[in-house]
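Notes for the one structure printed next.
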Amino acid sequence: MIRLLLADDHRILREGLRRSLEALGLEVMGEASDGGEAVELAGSLQPDVVLMDVTMPVLDGVEATRRIRQAHPEVRVVMLTMHADDATMAQAIRAGADGYLVKDCSTDEIAGLVRKVAAGQTAVSRDVAVSMLREVRRTRSDMLEEPVSKREEEVLQLIADGCSSAEVAERLFISQKTVKNHLASIYHKLDARDRTQAVLRAVRMGIVRLT
C-alpha cells in the first residue's frame, strides 16, 4: 500500500483528501499544516509520496520540496496548486517535484497520479501539460547550447512513457550499458540528478511529450 503524507494549511481540505484517498486504497500516515512541518514529518515518517500544497506558511511548498528531496531523495513529491502557473511550476520542477496537479482535478486523478509517481514515473495533470507547452513556446530561445542527441531524445521519450532501462534497451536494440551511458549524458546536459527530473526538464523544453 502506498503511504502518503498530506501537506496543506487548510484542515478541511486535508480531512477531505484523507477520507477520499483512503477510500481509494491509499494510506495517509500523517498530515502537515505548513512547509516546515512537512519537512520534519517526511524525515520521521518516511512516506512514499508527499502530496504538497504550493502555498503554505513557514515554508512554501517549493522550498519544502527542495529540502525533502535533498535530505530524502527516495521520498517522492506531488505538488498541488490552485492554478497551473508557469513560473511556480518551473520552480517546483527545479526543486525536485515528481508530479504536479491543479486542485480542481478529481480525487481519482490525484490517486492515479500518486500511484504513477510512487512507481517511479513522472506525472502531471492535463492542465499542467498545457501550461508546460506555453512555457516551452516562451523559453524556446533559452534552450541548452548543447542539446541532446536524436538517440538521447528517443531514450528520454521512452523513459517519459514509463519504460525501464531494460525496456528502453530492448526497444532501441541497444545494451542496458549503452542506455546507462545515454542517461548519464542526458543528466549532464539537462543538469538533472535523476530520470524524473530529466524528463520534467525535457518536457518543459519541448524535447519529449507526456502521453
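Residues in the stretch 37-57 that are under 22 Å from ILE93 (Cβ atoms) and without any contact (Cβ under 8 Å) to a residue 60 or more places away in the chain: ALA38, VAL39, ALA42, PRO47, VAL50, MET52, ASP53, VAL54, THR55, MET56. Among the numbered conditions (1) under 22 Å from CYS105 (Cα atoms); (2) at pLDDT below 95, the only one that VAL58 does not meet is (1).
Counting only strands (runs of 3 or more DSSP E) that sit completely within the stretch 1-119, those holding 3 or more residues that are touching an Asp or Glu at 6+ places or on another chain (Cβ under 7 Å) correspond to 3-7, 76-81. When restricted to residues that are in a loop (DSSP other than H, G, I, E, B), of a type in the set (D, E, K, R) and more than 24 Å from LYS116 (Cα to Cα), the stretch 146-196 contains 1.
None of LEU210, LEU158, LEU172 is in contact with a strand residue (DSSP E or B) (Cβ under 7 Å, 6 or more places away or on another chain) and not assigned by TED's automatic domain parsing to the domain that holds GLN121 except LEU210. Scanning the stretch 195-211 for residues that are within 24 Å of GLU74 (Cβ to Cβ) and among the β-branched types (Val, Ile, Thr), we see that the one that is surrounded by the most Cβ atoms within 10 Å (Cβ to Cβ) is VAL199.
All of VAL58, VAL114 fail the test of being crowded, with 24+ Cβ neighbours inside 10 Å and farther than 19 Å from ALA192 by Cα, apart from VAL114.
Residue count for the stretch 161-194 satisfying the condition of being under 18 Å from ARG94 (Cβ atoms) and crowded, with 21+ Cβ neighbours inside 10 Å: 2. Among the criteria (1) in contact with a Cys (Cβ under 9 Å, 6 or more places away or on another chain); (2) modelled with pLDDT under 85; (3) farther than 24 Å from VAL50 by Cα, the one ARG126 does not fulfil is (3).
The values are calculated or read from the model by the stated rules, or taken from the named source; none is laboratory data. Just so it is clear, the structure is predicted and the values come from calculations on it, not from any experiment. Every residue, glycine among them, receives a Cβ derived from its backbone with ideal geometry; neighbour counts consider all protein chains shown.
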